[in-house]
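The values are calculated or read from the model by the stated rules, or taken from the named source; none is laboratory data. Please read these numbers as outputs of a predicted model, since none were measured by experiment. As a convention, Cβ positions derive from the backbone with ideal geometry for all residues, glycine included, and neighbour counts pool all protein chains shown.
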Number of protein chains: 2
Amino acid sequence: MTESFSTLRVNADRMHDSFIHLASIGATGDGGVSRVTFSEEHLAARTWFRTEIENAGLEFHMDSAGNHSAVLACDDKNAPTLLLGSHLDSVPNGGRFDGALGVVAAIEVLRTVKENGISLKTKLEAIDFTDEEGTLVGLLGSAALVGRLHPEALKNPRGGRQNLVEGMRRAGLPEEAIFEAARPKNSLAGYLELHIEQGKRLERAGINIGIVSAIVGYGSYHMSFIGRADHAGSTTMEDRLDAGQGAGAFILAVRELVMQEFPSCVANVGKVKFSPGASNIVPACADLFLEFRSPDETQLSGLDVALMELAGRKAEQFGLKLLVEPLGKHKPNLMSANIQQAFQKSCNILGLSSMGLASGAIHDAQSLVNVCLVGMIFVPSVDGASHAPREYTKWEDCVNGANVLLQTVLQLAT
Amino acid sequence: MTESFSTLRVNADRMHDSFIHLASIGATGDGGVSRVTFSEEHLAARTWFRTEIENAGLEFHMDSAGNHSAVLACDDKNAPTLLLGSHLDSVPNGGRFDGALGVVAAIEVLRTVKENGISLKTKLEAIDFTDEEGTLVGLLGSAALVGRLHPEALKNPRGGRQNLVEGMRRAGLPEEAIFEAARPKNSLAGYLELHIEQGKRLERAGINIGIVSAIVGYGSYHMSFIGRADHAGSTTMEDRLDAGQGAGAFILAVRELVMQEFPSCVANVGKVKFSPGASNIVPACADLFLEFRSPDETQLSGLDVALMELAGRKAEQFGLKLLVEPLGKHKPNLMSANIQQAFQKSCNILGLSSMGLASGAIHDAQSLVNVCLVGMIFVPSVDGASHAPREYTKWEDCVNGANVLLQTVLQLAT
């Protein structure tokens, strides 16, 4: 890397224009966006990205998994690709920064490299991965790109088979072709992702950049506590098999278990449904959706076992049956030490403070771990908010992140 | 009452034909029926009832609240009416007996009186009350009939305003006319209702007939525990304001409170919703629907206060806000002592065992309490099941109930 590159910066105003335009697509009016995978809003954001790529004089590329990319070629046609990116889909009623910042920063890095006529030894590609948030499958685009999408994930997607089929039809993607998105081995030189932290650690520590050491592993389950529907007026409390009691007790106990015995982990029950669901009928069934995460594989396995035992005990306590359906499982993924060092050097060049941390959130980066060197940085989330309209990162932090990305690309690819 | 009437019995086979035909309307294939108010199935059941009335040579009458009746006139045109009845609507996926038995028995009593040419001193009317179960409003038809339907109940119905408007349109009932269903004062001589117990007391005691002493009062609330949506992977357990914790703790504590401090009462949380409702987002809001009941007014008020305090404490424990919306409240209603004695005498005539008990379920009978003498009897529910497809009462018990109804009509109206 020649010394002159170290003074190069992204065009913060141009990046801001892109970010603001993108944030208007699927805007919910309360500062947030709703762009769930293959919704009309999500498809509009993808169209916007394609136009942005073409306006920048970059090559547009779409693969059969719907991943959209800007490509900046290099002199060596056989050179591998250094991939930068994130995702344009959001959770329902999510924030403007999650995913979007990483895509906007990635294309801005490509524009900056291109307009400065810098010759790289790798191709550079800014990618929007399909369905990172998992409205349908989760990490769908990145898993397909590395050839690790499991056919079962399409047969029984977490978002429901019907929604997947209709979504792919809206996006014009034939399902059978999705596996053709797999890239040839050794075609990728690395993957870098800028993302908001979605937690409070950077803000609390007053640090500019978080250099991710590992992405948590996770497990998720659909659990059904099954009792019996009875008339809620004429059935004594003693005579009930109230599925809601099992669910309530489990929800409370999950938090206690994690806080007391698995302090490096987190767990969440984010969705619950009582059936038949009338105020005058004792719940016959309580369905709940559990997720838990840890950056440590041993802790993750231990928590998994402890949660299953806990659910069984709570069902038994209230005379209920328990059905457990595993929805997904993923080991923790370590980020490349080399790339962590390169991020560190970029922070030094830019005069930014940094710290290492684990990502509690799941990211496309983990799909790439077994295929190429992978690195990820975080910028501070105000009040740690994310997956919500009040999600916010100061614009100077967004620009800092993009400049770390740029400087790291220049280190790795020149 | 002349001695000869005491040998009179309903036509059990004819009543069985009626019951089986009715049970086929809205049948769910698992032994249950789904005939929620003004659904196509419910409207079909009402049409069946009208045909049944006309086939029996009885007068058909429908009022502006949609109550359907069979009327058997008497010599004195100014005589008051002795009303018998129940309801044809059901809870979603409910049972065949709840409400339906009372309507079928009522018309069978009229047919028996008519074909035996018995001269009564009152008109006799078998009525199907609109919306007893409260899919839309709850006790809609009976409240309108006694002139106690509150306009607010139509403006903000528990089943949702839109559902009420659409339902009334399907049933051909103009909303503004509904209050015209109110009957003149002193036009009713009494109201008798046969119903299944929906509990286990009669079955456990091996008793044929339950003579209802009181119908429980109740209260119901929509409660919202409000926390904050956060990313469930990147937000530490300590940093969360998890609305689900408040809901879970409350659901558990309600049961404990009732069992330990209010043993004559019951309470139920039958419906819960977490928002935004994704497994990877900490619940920002947990909405739940609470109902509680007691045959004793003092106990009911005490429980009401204790439940509100409990919800407040649980919200506070987890740093949550609490919103409470009252959905309804009703004092316990005592049944007529005279009619209880008449039921007792009928049981003696028929050689049936009986016991007094409170009704834990709400019934149209309570709407009539302040207008005329009201009495209600129960027949045993197998395993106490109700509001569920496995709801079942032995046919001989159903016939016993109808015969008690007939004998009591003969006592009161001859």
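Of the strands (runs of 3 or more DSSP E) lying entirely inside the stretch B:59-103, those containing at least 2 residues that are aliphatic (A, V, I, L, M) and at pLDDT 95 or above are B:68-72, B:81-86. Of all residues in the stretch A:241-299, those being assigned to a strand (DSSP E or B), more than 27 Å from the chain's Cα centre (by Cα) and surrounded by fewer than 21 Cβ atoms within 10 Å (Cβ to Cβ) number 1. Residue A:324 - would you say it is assigned by TED's automatic domain parsing to the domain that holds residue A:221 and assigned to a strand (DSSP E or B)? It is true that residue A:324 is assigned by TED's automatic domain parsing to the domain that holds residue A:221 and assigned to a strand (DSSP E or B). On the stretch given as the stretch A:258-281, residues that are within 28 Å of residue B:93 (Cα to Cα) and either modelled with pLDDT of 95 or more or touching a Cys at 6+ places or on another chain (Cβ under 6 Å) (or both) total 7.
Among the residues of this structure, residue B:329 does not count as one that is within 8 Å of chain A (Cβ to nearest Cβ), basic (Lys, Arg) and within 22 Å of residue A:281 (Cβ to Cβ).
Name the single residue that is farthest from residue B:138 (Cα to Cα) among those in the stretch B:283-299 being within 8 Å of another protein chain (Cβ to nearest Cβ) and out of contact with any helix residue (DSSP H, G or I) (no Cβ under 8 Å at 6 or more places or on another chain). Among those residues, the one meeting the criterion is B:289. The residue that is farthest from the chain's Cα centre (by Cα), counting only those in the stretch A:104-136 that are buried (at least 24 other Cβ atoms within 10 Å of the Cβ) and in a loop (DSSP other than H, G, I, E, B), is A:136. The set of residues from the stretch A:259-270 being at the interface with chain B (Cβ under 7 Å from one of its Cβ atoms) and either out of contact with any helix residue (DSSP H, G or I) (no Cβ under 9 Å at 6 or more places or on another chain) or of a type in the set (Val, Ile, Thr) (or both) comprises A:259, A:266, A:269.
The lone criterion from (1) of a type outside the set (Phe, Trp, Tyr); (2) outside the structural domain of residue B:395 (by TED's automatic domain parsing); (3) surrounded by fewer than 17 Cβ atoms within 10 Å (Cβ to Cβ) left unmet by residue B:186 is number (2).
One residue stands out in the stretch B:369-414 among those that are part of a loop (DSSP other than H, G, I, E, B) and away from chain A (no Cβ under 14 Å): the one that is farthest from residue B:145 (Cα to Cα), namely B:394. Pairs needed: first member in the stretch B:396-414, without any contact (Cβ under 8 Å) to a residue 24 or more places away in the chain and in the same structural domain as residue B:189 (by TED's automatic domain parsing); second member anywhere, surrounded by fewer than 24 Cβ atoms within 10 Å (Cβ to Cβ) and part of a helix (DSSP H, G or I); C-beta distance under 9 Å; at least 6 residues apart or different chains. Between residues of the stretch B:396-414 that are without any contact (Cβ under 8 Å) to a residue 24 or more places away in the chain and in the same structural domain as residue B:189 (by TED's automatic domain parsing) and residues that are surrounded by fewer than 24 Cβ atoms within 10 Å (Cβ to Cβ) and part of a helix (DSSP H, G or I), the close pairs are B:396/B:12. Scanning the stretch A:219-243 for residues that are more than 23 Å from residue B:202 (Cβ to Cβ) and either hydrophobic (A, V, I, L, M, F, W, C) or within 7 Å of another protein chain (Cβ to nearest Cβ) (or both) turns up A:220, A:223, A:225, A:226, A:243.
Have a look at A:164, A:101, A:82 and point out the one that is farther than 30 Å from residue A:390 by Cα and either in contact with an Asp or Glu (Cβ under 6 Å, 6 or more places away or on another chain) or crowded, with 23+ Cβ neighbours inside 10 Å (or both). Walk me through how you get there before you give the answer.
Working: A:164 fails: farther than 30 Å from residue A:390 by Cα; A:101 fails: farther than 30 Å from residue A:390 by Cα.
Only one candidate qualifies: A:82.
Selection of the stretch A:311-326 for residues being of a type outside the set (Asp, Glu) and either surrounded by fewer than 17 Cβ atoms within 10 Å (Cβ to Cβ) or free of Cβ contacts under 8 Å to residues at least 12 places away in the same chain (or both) yields A:312, A:313, A:317, A:319, A:321, A:323, A:324, A:326. Of the residues making up the stretch A:140-157, not one is within 18 Å of the chain's Cα centre (by Cα) and of a type in the set (Asp, Glu).
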